[in-house]
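Since the structure comes first, as structure tokens, the remarks are kept for the end.
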Amino acid sequence: MIEPAIKSRPVYPGLKPDRCAKSNVVVVDKDGRDAFLEMAKTVDDGFLRKTTVLFVKGPPNGHDPAAPLEALGLVNLWVFPSLETLIARLDGLLSISRMGTRLYAAGNEPLISLVVKTALSHGVVHSSIMTEHRGSLRRRVQCVHCKGITENVTTNPAKCSHCGLMLLVRDHYSRRIGAFQGVCIDAEVPGEIPEIKAEFL
Amino acid sequence: MNTMFKDETFRDDFTFSNSPAAIKRFPFPFWEDKYRYSVNIEPHVAGPKGSIYEFPIDIDEHYVADMRDRALVLKEDPLRVQALPHMMLAQWDLLELLMTSMARDYPEHFTLERNGDEWHWINRPLKIENTFRFGNAATLPYEPMEYIMRQCQGDITLLDQRENNLWMDAGIATSQADWSLDFDVGMNFMEWHAPVPLAHQQGVFDRALKFLLALQLGKPVRRLNWTMTINPRLDTSPENYHKWGVDRVTVTPENVGDKVHLRVELQALWRLPRSNAIAFSIRAYLIKLNELVTDLDKARRLHRVLQTIPPELVGYKGITRYLDVTRDWLAKYDDGKPTPVGFLFQ
């Protein structure tokens with residue numbers, strides 16, 4: 001479980017079913033799927049019949065990762081090839097969702113970040129979203145200089161995929177941007193770059 | 001104060017300097033000969049004539065140059081101004097607070113005529129005149145916060161109050177000590193202060209937040225904060241850190257007095273009447289050490305404060321690379337004598 005390094009660094013308390021919700025929207029990747037499956041064991045069929053799952057299936061490996069979800073009797077199971085396509089659908093879904101909808105997100109941090117960021121733009125209060133971190137520690141990082149987002153950062157420092165500066169990846173996190181802050185690491189002495197470590201595997 | 005506005009720069013050739021009167025009124029933030037963290041909030045009440053506390057909003061000799069620098073920053077980077085949609089009422093509250101204060105306290109420079117919602121504003125130093133309808137943003141050339149903050153020294157954030165917290169949901173920052181408004185907009189009080197070392201563990205932010213949530217209309221408060229800056233640069237933003245960071249390795253024993261500046265922020269907070277938001281003003285005053293050491297008490301005390309600053313804060317304030325050379329340079333002003341008790345400025 002992710003420990004809070006500083007107070008802007010979000011923590012993810014884990015999925016818990018809200019049995020009072022009129023409908024449920026669940027966003028998971030392959031690792032987060034298992035968190036949802038664990039929660040699904042604790043609820044009745046009525047809960048699952050008002051639940052829509054949006055699932056990023058990830059690269060193929062011979063098994064159908066959606067199969068355990070198909071067996072649940074969900075109202076909807078939507079499978080997406082990428083997080084980007086999933087978020088586009090979530091955006092559309094939230095725009096027609098009603099009061100009483102409960103949102104869940106489980107998986108790696110970029111997925112949770114983008115679900116929360118998308119939900120914020122629809123007026124959802126961030127603390128109302130059930131979240132659980134599973135899988136990789138890789139991060140979305142915003143370069144404070146060019147404002148470009150670098151996806152799937154596993155090292156510190158890391159190179160900005162837009163302007164090319166080497167960035168110190170801080171724990172300072174913006175929910176609105178859905179990313180950690182990256183700051184030029186060799187601004188004072190250009191070229192003085194510490195060893196690159198795989199901190200976020 | 002009898003203000004003559006200086007023609008000076010905060011970038012490139014860095015012609016900024018303080019007059020003898022400005023040196024005298026500089027808000028030297030240390031009241032004892034050692035470093036100590038504290039919330040140090042006090043009522044923002046009127047101080048002696050000519051002091052930076054004489055009026056709620058201090059307009060000084062750097063006003064015109066300061067506003068010119070802000071315009072340059074905004075031209076390069078419009079994201080230095082941000083306001084979430086629900087903050088429009090707080091923007092108008094802020095415009096009212098600043099226009100009424102500035103016109104009342106500096107009538108030779110600013111005039112505000114109000115006829116119901118029809119307002120007429122004149123800013124003589126910047127040669128600005130507008131008639132607009134209070135509450136109708138379409139009648140101003142910018143949104144209200146940006147309009148007035150292009151004419152008022154200091155950065156500002158507007159804090160929405162809900163869920164027992166304060167949320168930085170609007171602001172303008174062109175002279176900030178290395179924090180990003182664009183990144184921090186939408187954060188709560190604990191989140192935007194997250195990178196500050198030591199203070200969280202000491203409960204400083206819990207106490208400060210509790211105090212500010214109870215802030216009352218008409219009873220503004222203030223505190224002083226400080227850091228150090230190389231060259232009189234106002235725009236020490238993280239956005240441009242890859243451009244100004246190199247300044248920190250240019251300090252030598254020969255140029256300390258000219259290069260190293262003490263940078264003091266007068267932070268003042270007002271409850272706003274319509275929105276119930278808080279206006280949090282962060283006004284930076286700069287002084288180069290050559291100017292500061294013209295007062296031996298201040299020179300001696302700064303030398304002693306820099307001996308006792310905790311290493312975490314040295315890193316956080318970004319002074320690691322030039323701290324030793326600065327302390328060594330100040331040592332010659334420390335004759336071992338005692339300094340007067342309390343603040344060293346009026």
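The values are calculated or read from the model by the stated rules, or taken from the named source; none is laboratory data. Everything numeric here is computed off the predicted structure, so don't read it as measured data. Here Cβ is always computed from backbone atoms with ideal geometry, including for glycine, and neighbour counts include all displayed protein chains. These accessible areas exclude ligands, DNA and RNA; they are computed on the full protein's heavy atoms, side chains included. Shrake-Rupley method; radii C 1.70, N 1.55, O 1.52, S 1.80 Å.
Numerical summary
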| quantity | calculated |
| --- | --- |
| Residues within the range A:67-77 that are touching a Lys or Arg at 6+ places or on another chain (Cβ under 9 Å) and crowded, with 16+ Cβ neighbours inside 10 Å, tallied | 2 |
| Residues of the range B:308-317 satisfying the condition of being open to solvent by 10 Å² or more (accessible area, probe 1.4 Å) and in contact (Cβ under 8 Å) with a residue 60 or more places away in the chain | B:Thr308, B:Ile309, B:Pro310, B:Glu312, B:Gly315, B:Tyr316, B:Lys317 |
| Conditions (1) touching a Pro at 6+ places or on another chain (Cβ under 7 Å); (2) more than 30 Å from B:Asn290 (Cα to Cα); (3) of a type outside the set (Lys, Arg); (4) open to solvent by 10 Å² or more (accessible area, probe 1.4 Å); number of the one not met by B:Val64 | (2) |
| The range B:193-223, subset buried (at least 18 other Cβ atoms within 10 Å of the Cβ) and assigned to a strand (DSSP E or B), residue farthest from the other protein chains (Cβ to nearest Cβ) | B:Arg222 |
| Unique residue being within 14 Å of another protein chain (Cβ to nearest Cβ) and open to solvent by 30 Å² or more (accessible area, probe 1.4 Å) when the list is A:Lys57, A:Lys7, A:Lys16, A:Lys30 | A:Lys7 |
| Pairs, first over 16 Å from A:Gly107 (Cβ atoms) in the range A:1-30, second open to solvent by 90 Å² or more (accessible area, probe 1.4 Å), C-beta under 9 Å, six or more apart | A:Arg9/A:Glu3; A:Arg19/A:Asp44; A:Lys22/A:Arg98; A:Lys22/A:Met99; A:Ser23/A:Arg98 |
| Within the range B:170-192, considering residues that are open to solvent by 30 Å² or more (accessible area, probe 1.4 Å) and not aromatic (Phe, Trp, Tyr), the one nearest to the other protein chains (Cβ to nearest Cβ) | B:Asp178 |
| Output for the range B:234-285, where each listed residue is over 19 Å from B:Thr100 (Cβ atoms), under 15 Å from the mean Cα position of the chain (by Cα) and touching a residue at least 60 places away in the same chain (Cβ under 8 Å) | B:Leu234, B:Asp235, B:Thr236, B:Ser237, B:Leu262, B:Arg263, B:Val264, B:Glu265, B:Leu266, B:Ile282, B:Ala284, B:Tyr285 |
| Filter pass, B:Gly116 being open to solvent by 10 Å² or more (accessible area, probe 1.4 Å), small (Gly, Ala, Ser) and free of Cβ contacts under 8 Å to residues at least 24 places away in the same chain | yes |
| Residue within the range B:235-252 that is surrounded by fewer than 21 Cβ atoms within 10 Å (Cβ to Cβ) and away from chain A (no Cβ under 14 Å) present | yes |
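Conditions (1) within 18 Å of B:Gly186 (Cα to Cα); (2) surrounded by 21 or more Cβ atoms within 10 Å (Cβ to Cβ); (3) over 19 Å from the mean Cα position of the chain (by Cα); (4) not assigned by TED's automatic domain parsing to the domain that holds A:Ala35, marked per residue:
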{"site": "A:Ala119", "(1), (2), (3), (4)": "yes, yes, no, no"}
{"site": "A:Gly123", "(1), (2), (3), (4)": "yes, no, no, no"}
{"site": "A:Gly148", "(1), (2), (3), (4)": "no, no, no, yes"}
{"site": "A:Lys159", "(1), (2), (3), (4)": "no, no, yes, yes"}
{"site": "A:Leu168", "(1), (2), (3), (4)": "no, no, yes, yes"}
{"site": "A:Arg175", "(1), (2), (3), (4)": "yes, no, no, yes"}
{"site": "A:Glu188", "(1), (2), (3), (4)": "no, no, yes, yes"}
